[in-house]
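Participant: Submitted below is the structure of interest, expressed as C-alpha coordinates.
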Amino acid sequence: MKKKIVLNACGVKSLGGVKLFVEAFEYFSDLNEKILILYSEDEFYRDLQNQSYENKNVKFIQLTKKRYLHPFLNLLIEKNLKNEINSSDGIIHFGNFGFNTQVKSFVFVQNILPFISKNFKNRTLLFFITRSFKNCDNIIVQLNHTAELINKKYTKKIIQIGKIQNTKVKTNQNNNIVCFGSDIPNKNYKFMLKVLESLPDKNKITIINPPKKLEQFNCVFTETHEQTLKVLSLNGIYFHASEFETVGLPLYEAQELGLKIVVPDKSYSKYFLSDHTFLYNYKNTDDAISKIHEAGIATEDYMLANSYSENWGKILDKI
(Lines give C-alpha, C1' and ligand atoms only; values in the text may rest on other atoms or scores of the structure.)
Protein backbone atom coordinates (compact mmCIF):
# COMPACT_ATOMS: atom_id res chain seq x y z
CA MET A 1 0.00 0.00 0.00
CA LYS A 2 1.36 3.40 -0.99
CA LYS A 3 2.04 5.85 1.79
CA LYS A 4 1.58 9.59 2.10
CA ILE A 5 4.81 11.20 3.25
CA VAL A 6 5.44 14.83 4.23
CA LEU A 7 8.93 16.18 3.54
CA ASN A 8 9.55 19.34 5.54
CA ALA A 9 12.33 21.18 3.69
CA CYS A 10 11.76 24.57 5.32
CA GLY A 11 15.13 26.25 5.79
CA VAL A 12 16.93 24.08 3.22
CA LYS A 13 18.71 26.36 0.76
CA SER A 14 22.38 25.40 0.34
CA LEU A 15 23.49 23.36 -2.67
CA GLY A 16 24.53 20.53 -0.34
CA GLY A 17 21.24 20.62 1.54
CA VAL A 18 19.22 20.60 -1.68
CA LYS A 19 21.26 17.68 -3.04
CA LEU A 20 20.60 15.60 0.08
CA PHE A 21 16.90 16.41 -0.07
CA VAL A 22 16.73 15.52 -3.76
CA GLU A 23 18.17 12.05 -3.08
CA ALA A 24 15.44 11.37 -0.51
CA PHE A 25 12.75 12.85 -2.73
CA GLU A 26 13.83 10.77 -5.74
CA TYR A 27 13.75 7.59 -3.67
CA PHE A 28 10.18 8.13 -2.46
CA SER A 29 9.03 9.54 -5.80
CA ASP A 30 10.36 6.55 -7.75
CA LEU A 31 8.20 4.32 -5.56
CA ASN A 32 5.18 6.49 -6.44
CA GLU A 33 4.56 7.37 -2.82
CA LYS A 34 2.26 10.38 -2.31
CA ILE A 35 4.47 13.29 -1.26
CA LEU A 36 3.71 16.68 0.28
CA ILE A 37 6.73 19.02 0.24
CA LEU A 38 6.88 21.98 2.62
CA TYR A 39 9.50 24.57 1.66
CA SER A 40 10.38 28.16 2.50
CA GLU A 41 13.10 29.24 0.06
CA ASP A 42 12.32 30.35 -3.51
CA GLU A 43 15.74 29.08 -4.61
CA PHE A 44 14.90 25.63 -3.26
CA TYR A 45 11.75 25.39 -5.38
CA ARG A 46 13.57 26.61 -8.50
CA ASP A 47 16.29 24.01 -7.97
CA LEU A 48 13.70 21.25 -7.78
CA GLN A 49 11.88 22.59 -10.83
CA ASN A 50 15.20 22.54 -12.72
CA GLN A 51 15.26 18.80 -12.09
CA SER A 52 12.09 18.61 -14.25
CA TYR A 53 10.03 16.72 -11.69
CA GLU A 54 6.52 16.16 -13.02
CA ASN A 55 4.66 13.80 -10.74
CA LYS A 56 0.95 14.03 -9.98
CA ASN A 57 1.63 12.48 -6.56
CA VAL A 58 3.81 15.43 -5.50
CA LYS A 59 2.43 18.62 -3.99
CA PHE A 60 4.44 21.73 -3.08
CA ILE A 61 3.41 24.20 -0.38
CA GLN A 62 5.51 27.24 0.47
CA LEU A 63 5.57 28.49 4.06
CA THR A 64 6.84 32.05 4.42
CA LYS A 65 7.23 32.27 8.17
CA LYS A 66 10.63 33.37 9.49
CA ARG A 67 13.09 30.55 10.23
CA TYR A 68 12.97 31.16 14.00
CA LEU A 69 9.24 30.42 13.88
CA HIS A 70 9.62 27.03 12.19
CA PRO A 71 9.61 25.04 15.47
CA PHE A 72 6.11 26.43 16.06
CA LEU A 73 4.64 25.94 12.59
CA ASN A 74 2.02 23.56 14.00
CA LEU A 75 0.56 26.59 15.79
CA LEU A 76 0.85 28.97 12.84
CA ILE A 77 -0.22 27.08 9.72
CA GLU A 78 -3.78 27.00 8.42
CA LYS A 79 -6.13 24.36 9.80
CA ASN A 80 -6.57 22.63 6.43
CA LEU A 81 -2.81 22.20 6.01
CA LYS A 82 -2.42 21.01 9.59
CA ASN A 83 -5.11 18.39 8.99
CA GLU A 84 -3.45 17.31 5.75
CA ILE A 85 -0.11 16.84 7.52
CA ASN A 86 -1.68 14.95 10.41
CA SER A 87 -3.52 12.63 8.02
CA SER A 88 -0.22 11.49 6.46
CA ASP A 89 1.70 8.37 7.41
CA GLY A 90 4.78 10.27 8.53
CA ILE A 91 6.83 13.44 8.26
CA ILE A 92 10.57 13.86 7.74
CA HIS A 93 12.02 17.14 8.99
CA PHE A 94 15.14 18.19 7.09
CA GLY A 95 17.42 20.89 8.44
CA ASN A 96 17.94 19.64 12.02
CA PHE A 97 14.60 20.39 13.66
CA GLY A 98 10.90 20.32 12.97
CA PHE A 99 7.55 21.04 14.57
CA ASN A 100 5.10 18.89 16.50
CA THR A 101 2.62 16.70 14.61
CA GLN A 102 0.26 13.84 15.40
CA VAL A 103 2.00 11.42 13.03
CA LYS A 104 5.25 9.51 13.09
CA SER A 105 8.09 12.03 12.76
CA PHE A 106 11.76 11.88 11.83
CA VAL A 107 14.38 14.60 12.39
CA PHE A 108 17.28 14.62 9.94
CA VAL A 109 20.52 16.04 11.41
CA GLN A 110 22.24 17.86 8.53
CA ASN A 111 24.40 20.32 10.48
CA ILE A 112 26.64 19.36 13.39
CA LEU A 113 27.84 22.87 14.26
CA PRO A 114 25.08 23.40 16.87
CA PHE A 115 26.48 20.39 18.76
CA ILE A 116 30.00 21.81 18.77
CA SER A 117 30.02 25.61 18.48
CA LYS A 118 28.94 27.49 21.62
CA ASN A 119 27.99 30.87 20.15
CA PHE A 120 24.49 32.26 20.75
CA LYS A 121 23.11 31.23 17.36
CA ASN A 122 24.20 27.60 17.71
CA ARG A 123 23.09 27.38 21.34
CA THR A 124 19.64 28.52 20.21
CA LEU A 125 19.61 26.01 17.37
CA LEU A 126 20.66 23.24 19.74
CA PHE A 127 17.75 24.09 22.03
CA PHE A 128 15.27 23.60 19.18
CA ILE A 129 17.09 20.49 17.94
CA THR A 130 16.95 18.91 21.41
CA ARG A 131 13.28 19.84 21.64
CA SER A 132 12.67 18.05 18.35
CA PHE A 133 14.64 15.01 19.54
CA LYS A 134 12.37 14.70 22.55
CA ASN A 135 9.21 14.80 20.45
CA CYS A 136 10.22 12.80 17.37
CA ASP A 137 10.06 9.06 16.83
CA ASN A 138 13.46 8.74 15.18
CA ILE A 139 16.61 10.77 14.53
CA ILE A 140 18.23 10.37 11.12
CA VAL A 141 22.01 10.71 10.83
CA GLN A 142 24.25 10.04 7.88
CA LEU A 143 27.45 8.76 9.48
CA ASN A 144 28.61 7.48 12.85
CA HIS A 145 30.68 10.54 13.89
CA THR A 146 27.45 12.56 13.93
CA ALA A 147 25.65 9.95 16.02
CA GLU A 148 28.48 10.17 18.56
CA LEU A 149 27.64 13.86 19.17
CA ILE A 150 24.03 13.17 20.15
CA ASN A 151 23.12 12.73 23.81
CA LYS A 152 23.18 9.03 24.70
CA LYS A 153 19.63 9.14 26.01
CA TYR A 154 18.47 9.41 22.38
CA THR A 155 20.65 6.56 21.10
CA LYS A 156 17.73 4.17 20.57
CA LYS A 157 16.05 6.73 18.30
CA ILE A 158 19.01 7.05 15.91
CA ILE A 159 18.89 5.58 12.41
CA GLN A 160 22.08 5.81 10.33
CA ILE A 161 21.37 5.91 6.60
CA GLY A 162 24.81 6.70 5.17
CA LYS A 163 26.72 3.97 3.31
CA ILE A 164 30.33 4.07 2.14
CA GLN A 165 31.60 1.74 -0.56
CA ASN A 166 34.93 1.50 -2.32
CA THR A 167 35.17 1.84 -6.08
CA LYS A 168 38.15 1.75 -8.42
CA VAL A 169 38.46 4.87 -10.58
CA LYS A 170 40.98 6.28 -13.03
CA THR A 171 43.19 8.92 -11.44
CA ASN A 172 43.17 12.39 -12.97
CA GLN A 173 46.72 12.80 -14.17
CA ASN A 174 47.31 16.50 -13.57
CA ASN A 175 48.44 18.60 -10.63
CA ASN A 176 45.74 21.25 -10.92
CA ILE A 177 44.35 22.11 -7.48
CA VAL A 178 40.71 22.92 -6.74
CA CYS A 179 38.87 23.96 -3.58
CA PHE A 180 35.70 25.74 -2.48
CA GLY A 181 35.60 29.27 -1.14
CA SER A 182 33.31 30.09 1.75
CA ASP A 183 33.02 32.79 4.38
CA ILE A 184 31.59 30.33 6.92
CA PRO A 185 34.18 30.30 9.76
CA ASN A 186 34.15 26.49 10.03
CA LYS A 187 35.40 26.21 6.43
CA ASN A 188 38.69 28.02 7.24
CA TYR A 189 38.88 29.91 3.97
CA LYS A 190 41.57 32.31 5.20
CA PHE A 191 43.78 29.36 6.11
CA MET A 192 43.20 27.86 2.67
CA LEU A 193 44.26 31.09 0.99
CA LYS A 194 47.40 31.22 3.11
CA VAL A 195 48.32 27.71 1.95
CA LEU A 196 47.45 28.36 -1.70
CA GLU A 197 49.37 31.64 -1.80
CA SER A 198 52.48 29.71 -0.76
CA LEU A 199 52.26 27.42 -3.78
CA PRO A 200 53.82 27.98 -7.22
CA ASP A 201 51.80 27.89 -10.46
CA LYS A 202 48.84 29.82 -9.12
CA ASN A 203 47.32 29.64 -12.60
CA LYS A 204 46.74 25.93 -11.86
CA ILE A 205 44.64 26.69 -8.77
CA THR A 206 40.85 27.02 -9.05
CA ILE A 207 38.53 28.29 -6.31
CA ILE A 208 34.85 27.47 -6.72
CA ASN A 209 32.37 30.10 -5.50
CA PRO A 210 34.74 32.28 -3.44
CA PRO A 211 33.23 35.14 -1.40
CA LYS A 212 34.93 37.50 -3.87
CA LYS A 213 36.98 37.06 -7.01
CA LEU A 214 40.76 36.90 -6.58
CA GLU A 215 43.00 37.85 -9.48
CA GLN A 216 45.87 35.48 -8.61
CA PHE A 217 43.69 32.36 -8.87
CA ASN A 218 41.13 30.95 -11.30
CA CYS A 219 37.80 31.76 -9.71
CA VAL A 220 34.72 29.95 -11.01
CA PHE A 221 31.14 30.60 -9.95
CA THR A 222 28.67 27.73 -10.36
CA GLU A 223 24.92 27.63 -9.88
CA THR A 224 24.15 23.94 -10.19
CA HIS A 225 25.60 20.71 -8.90
CA GLU A 226 26.32 19.56 -12.44
CA GLN A 227 28.37 22.69 -13.13
CA THR A 228 30.32 22.15 -9.94
CA LEU A 229 31.14 18.53 -10.79
CA LYS A 230 32.36 19.60 -14.24
CA VAL A 231 34.80 22.08 -12.66
CA LEU A 232 36.02 19.47 -10.18
CA SER A 233 36.66 16.95 -12.94
CA LEU A 234 39.18 19.27 -14.65
CA ASN A 235 41.54 19.03 -11.67
CA GLY A 236 43.77 16.44 -10.04
CA ILE A 237 43.93 17.52 -6.37
CA TYR A 238 41.07 18.59 -4.13
CA PHE A 239 42.04 20.68 -1.08
CA HIS A 240 39.74 20.78 1.95
CA ALA A 241 40.12 22.56 5.30
CA SER A 242 36.86 22.37 7.29
CA GLU A 243 37.03 21.80 11.02
CA PHE A 244 33.68 19.97 11.05
CA GLU A 245 31.55 18.22 8.45
CA THR A 246 28.35 16.21 8.72
CA VAL A 247 29.52 14.20 5.71
CA GLY A 248 31.79 16.31 3.52
CA LEU A 249 30.15 15.36 0.21
CA PRO A 250 32.66 17.26 -1.97
CA LEU A 251 35.39 14.91 -0.71
CA TYR A 252 33.51 11.84 -1.92
CA GLU A 253 32.54 13.49 -5.18
CA ALA A 254 36.11 14.57 -5.84
CA GLN A 255 37.44 11.07 -5.22
CA GLU A 256 34.80 9.51 -7.46
CA LEU A 257 35.96 11.88 -10.21
CA GLY A 258 39.55 10.67 -9.81
CA LEU A 259 40.96 13.49 -7.70
CA LYS A 260 43.43 12.95 -4.89
CA ILE A 261 42.20 14.66 -1.72
CA VAL A 262 44.16 16.69 0.81
CA VAL A 263 42.12 16.98 4.00
CA PRO A 264 42.68 17.68 7.71
CA ASP A 265 42.87 14.73 10.09
CA LYS A 266 39.42 15.18 11.69
CA SER A 267 36.46 12.97 12.64
CA TYR A 268 34.76 13.26 9.24
CA SER A 269 37.91 12.22 7.35
CA LYS A 270 38.43 8.98 9.29
CA TYR A 271 36.35 7.08 6.73
CA PHE A 272 38.74 7.71 3.84
CA LEU A 273 41.23 5.17 2.64
CA SER A 274 44.92 6.01 2.84
CA ASP A 275 45.10 5.38 -0.90
CA HIS A 276 45.20 8.83 -2.51
CA THR A 277 44.01 10.52 0.69
CA PHE A 278 46.59 12.88 2.18
CA LEU A 279 45.84 13.86 5.78
CA TYR A 280 47.46 16.92 7.33
CA ASN A 281 47.43 18.31 10.84
CA TYR A 282 44.50 20.66 11.21
CA LYS A 283 45.37 24.31 10.47
CA ASN A 284 49.05 23.45 10.07
CA THR A 285 50.13 25.44 7.01
CA ASP A 286 53.48 23.71 6.49
CA ASP A 287 51.95 20.25 6.79
CA ALA A 288 49.14 21.12 4.37
CA ILE A 289 51.67 22.40 1.81
CA SER A 290 53.73 19.23 2.27
CA LYS A 291 50.69 16.97 1.73
CA ILE A 292 49.66 18.89 -1.41
CA HIS A 293 53.20 18.30 -2.72
CA GLU A 294 52.93 14.56 -1.89
CA ALA A 295 49.62 14.39 -3.72
CA GLY A 296 51.21 16.08 -6.70
CA ILE A 297 53.91 13.45 -7.10
CA ALA A 298 51.61 10.43 -6.65
CA THR A 299 51.38 8.93 -10.13
CA GLU A 300 49.29 5.73 -9.93
CA ASP A 301 46.91 5.28 -12.87
CA TYR A 302 44.02 4.04 -10.72
CA MET A 303 42.84 4.68 -7.18
CA LEU A 304 40.33 3.32 -4.69
CA ALA A 305 37.73 5.99 -4.06
CA ASN A 306 35.11 6.22 -1.34
CA SER A 307 31.57 6.37 -2.70
CA TYR A 308 28.85 7.75 -0.40
CA SER A 309 25.14 6.99 -0.69
CA GLU A 310 22.07 6.87 1.55
CA ASN A 311 19.64 4.08 2.30
CA TRP A 312 16.24 5.74 2.57
CA GLY A 313 14.60 2.33 2.63
CA LYS A 314 15.45 2.21 6.34
CA ILE A 315 13.16 5.19 6.88
CA LEU A 316 10.34 3.96 4.64
CA ASP A 317 10.28 0.72 6.64
CA LYS A 318 9.65 2.76 9.80
CA ILE A 319 6.84 4.91 8.38
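The values are calculated or read from the model by the stated rules, or taken from the named source; none is laboratory data. Just so we're clear, the structure is a prediction, and the values are computed from it rather than from any experiment. Please note: Cβ atoms are built from the backbone with ideal geometry, for glycine as well, and neighbour counts cover all protein chains shown.
Participant: Quick check, is Leu149 over 20 Å from Phe21 (Cα atoms), of a type in the set (A, V, I, L, M) and either touching a residue at least 40 places away in the same chain (Cβ under 8 Å) or not in a loop (DSSP other than H, G, I, E, B) (or both)?
Facilitator: no
Participant: So which strands (runs of 3 or more DSSP E) stay within region 196-239 end to end and still have 1 or more residues that are farther than 21 Å from Pro264 by Cβ?
Facilitator: Correct list: 218-220.
Participant: Which of (1) surrounded by 13 or more Cβ atoms within 10 Å (Cβ to Cβ); (2) at pLDDT below 90 is the odd one out, the single condition Lys56 does not satisfy?
Facilitator: Of everything listed in (1) surrounded by 13 or more Cβ atoms within 10 Å (Cβ to Cβ); (2) at pLDDT below 90, Lys56 misses just condition (1).
Participant: Can you tell me which residue among Ile205, Ile177, Ile159, Ile164 is surrounded by 12 or more Cβ atoms within 10 Å (Cβ to Cβ) and under 19 Å from Phe115 (Cβ atoms)?
Facilitator: From the options Ile205, Ile177, Ile159, Ile164, the qualifying one is Ile159.
Participant: Mind checking which pairs have a first residue in region 280-304 that is over 18 Å from Ser267 (Cα atoms) and a second that is of a type in the set (D, E, K, R) and surrounded by fewer than 13 Cβ atoms within 10 Å (Cβ to Cβ), Cβ under 7 Å, 6 or more apart or different chains?
Facilitator: Within 7 Å, the pairs are Asp301/Lys170; Tyr302/Lys168; Tyr302/Lys170; Leu304/Lys168.
Participant: Yes or no: Asn203 out of contact with any Lys or Arg (no Cβ under 6 Å at 6 or more places or on another chain), under 17 Å from Asn172 (Cβ atoms), free of Cβ contacts under 8 Å to residues at least 24 places away in the same chain and assigned by TED's automatic domain parsing to the domain that holds Tyr268?
Facilitator: Here the answer is no, as Asn203 does not meet what is asked.
Participant: Of everything in region 139-156, what is surrounded by 16 or more Cβ atoms within 10 Å (Cβ to Cβ), under 22 Å from Asn306 (Cβ atoms) and of a type in the set (A, V, I, L, M, F, W, C)? Give them in sequence order.
Facilitator: Ile140, Val141, Leu143, Ala147
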